[in-house]
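I have placed the structure first, in the form of structure tokens, so that the comments after it can refer back to it.
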Amino acid sequence: MNDKGTKRNKKTLTFCTDFEKSIVINTFLRRRWRQVSSDEDWNIYWSNTLNCRNIFSHEIGYRLRDNQLINHFPNHYELVRKDLLARNINRYRKELERAGNPIAKKIHKTLNNGQKISRYVHLDFIPTTYILPSDYKLFIEEYRRNPQYTWILKPCGKSQGAGIFIINNLSKLKKWARESKKYFQHHLLRKDTYVISRYIHNPLLIGGKKFDLRIYVLVTSFRPLKAYMYKHGFCRVCSLKYRDAELENMFIHLTNVSVQKHGEEYNCYTGGKLSLNNLKLYLEGTRGQAVTKRLFEDIQWLIVHSLKSVASIMSNDRHCFECYGYDIIIDNNLKPWLIEVNASPSMTATTINDRILKSNLIDNILSVVLPPNGIPDARWNKVPNENALGDFERLIDEECLGKDDIEDSLEVL
Ligand SMILES: Nc1ncnc2c1ncn2[C@@H]1O[C@H](COP(=O)(O)OP(=O)(O)OP(=O)(O)O)[C@@H](O)[C@H]1O
């Protein structure tokens, strides 16, 4: 960038976005940034994941300047694809185990039927998952060992609850496998991969209904890991009361707003949402403060270790930051389970509160990723001051190890 360009950037910063969402655009405009198209001179690109990958592709050969930032890491899919997430977490646990790290401690049990099982004491935060079709045989063995479990089958290339089904007997899966076989054999694309995960059959309920948490996590660097959690997440509550029968009724079992909004009982005033704060108050009232505090520490633990599981393989480009939407289910023992991570959490607002939350979120992301002078700078050390953090709470900053570092709280162990 020449001198002239630098001076102009000091006056008017520019953004470009692939989204027509007024929430994204207005947040920049309120900061007096000017909107430009992607082939013009932009400072921040709020892109979709595909265009971000294009920017970093060798064929396109785009060279980002120091005063340009983009809202995704090029290989975010390592964290957000359901199959890759499961694989990376497995690999991470095994690596820690091999290194004799106490975090990877396991307990071993022998069941009444003589079957031996083992599980990670601290890293058991993702439901057992198999990738189909590659792990089909392994899954069948597991199914035969534990025929009482329920499983959820999810396509890796889809979202918003599409193509998901829940099974508690093998015949349904076999039928699905028979039907898919021909297609899989001749035409296996990554997007055709499925995961089959153990279904959390005992979710914590609110008013008798299943819910999950949507938590926003901002990562500004993977090496060293720098991550922040937004205080104002929310719960997405199903519109029908929970029964672990009726596995085909998605209004009972899937918390996605995109599914629930088609149900007759959907509440369009609340959007089926409850704030994280209200959940905390509810849990403190019903279960007590200590266990509620512990639950939220466990959630932070889970987030940090899911990020660590991919930190070594992420392209840690200094122009990138990314806000992930974490989906977490709490079971009725108050144990949080990581269900999935989204690289483009929805910025569509279903209610006024939702609009305010998402607009504040984007504005707060900008405060964290911009250096104190407000001008994007990829050379910046990415250490935001307390004011800039706003409603983000520091989860981990491996560069500034201190009392904030979650590893310090080894009382978790
Ligand atoms: N292992 C599980 N146990 C219980 N419920 C689950 C499990 N996995 C998924 N669900 C339910 O199914 C919903 C959809 O799952 P998931 O978020 O993985 O799929 P998706 O279609 O990709 O959704 P999204 O649009 O959020 O990306 C979750 O919000 C949750 O309510």
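The values are calculated or read from the model by the stated rules, or taken from the named source; none is laboratory data. Since the model is a prediction, treat every value here as computed from it, not as a measurement. All Cβ positions, even for glycine, are placed from backbone atoms using ideal geometry, and neighbour counts span all protein chains on display.
The residue of region 304-348 that is nearest to I126 (Cα to Cα), among those that are within 14 Å of the ligand (Cβ to nearest atom) and of a type in the set (V, I, T), is I339. Selection within region 351-376: residues that are surrounded by fewer than 20 Cβ atoms within 10 Å (Cβ to Cβ) and not in a helix (DSSP H, G or I). The member of this set that is farthest from the chain's Cα centre (by Cα) is N373. For region 68-104, residues that are in contact with a helix residue (DSSP H, G or I) (Cβ under 6 Å, 6 or more places away or on another chain) and in a loop (DSSP other than H, G, I, E, B) total 2. In the list R394, R355, which residue meets the criterion of being of a type in the set (K, R) and modelled with pLDDT under 95? Exactly one residue qualifies, and that residue is R355.
Got a number for residues in region 267-295 being more than 15 Å from the ligand (Cβ to nearest atom) and modelled with pLDDT under 90?
The initial filter retains those residues of region 267-295 that are more than 15 Å from the ligand (Cβ to nearest atom), namely 267-270, 275-295.
Then keep just the ones that are modelled with pLDDT under 90; that gives 267-270.
Total meeting the criteria: 4.
Can you tell which of L138, L170, L153 is among the hydrophobic types (A, V, I, L, M, F, W, C), closer than 28 Å to C238 by Cα and surrounded by fewer than 17 Cβ atoms within 10 Å (Cβ to Cβ)? That would be L170, the only listed residue that is among the hydrophobic types (A, V, I, L, M, F, W, C), closer than 28 Å to C238 by Cα and surrounded by fewer than 17 Cβ atoms within 10 Å (Cβ to Cβ).
Being among the β-branched types (V, I, T) and within 21 Å of V369 (Cβ to Cβ) is the filter; apply it to region 50-95 and report the residue that is surrounded by the most Cβ atoms within 10 Å (Cβ to Cβ).
Restricting attention to region 50-95, the residues satisfying the condition of being among the β-branched types (V, I, T) are 55, 60, 70, 80, 89.
Remaining after also requiring within 21 Å of V369 (Cβ to Cβ): 55, 70, 80.
Values: I55: 22, I70: 25, V80: 21.
Checked region 50-95; the qualifying residue surrounded by the most Cβ atoms within 10 Å (Cβ to Cβ) is I70.
I'd like to know if region 214-229 contains one or more residues that are hydrophobic (A, V, I, L, M, F, W, C), within 13 Å of the ligand (Cβ to nearest atom) and surrounded by fewer than 22 Cβ atoms within 10 Å (Cβ to Cβ). Scanning region 214-229 turns up no residue that is hydrophobic (A, V, I, L, M, F, W, C), within 13 Å of the ligand (Cβ to nearest atom) and surrounded by fewer than 22 Cβ atoms within 10 Å (Cβ to Cβ).
Every residue, every condition in (1) under 21 Å from S306 (Cβ atoms); (2) out of contact with any strand residue (DSSP E or B) (no Cβ under 7 Å at 6 or more places or on another chain); (3) within 16 Å of the ligand (Cβ to nearest atom), yes or no:
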position: V121; (1), (2), (3): yes, no, no
position: T129; (1), (2), (3): yes, no, yes
position: L138; (1), (2), (3): no, no, no
position: R145; (1), (2), (3): no, yes, no
position: L153; (1), (2), (3): no, no, yes
position: G157; (1), (2), (3): yes, yes, yes
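The residues in region 29-56 that are of a type outside the set (A, V, I, L, M), under 24 Å from the mean Cα position of the chain (by Cα) and not in a strand (DSSP E or B) can be counted, and the count is 8. The residues listed here are I103, I164; of these, the one that is touching a residue at least 24 places away in the same chain (Cβ under 8 Å) and away from the ligand (no atom under 16 Å from the Cβ) is I103.
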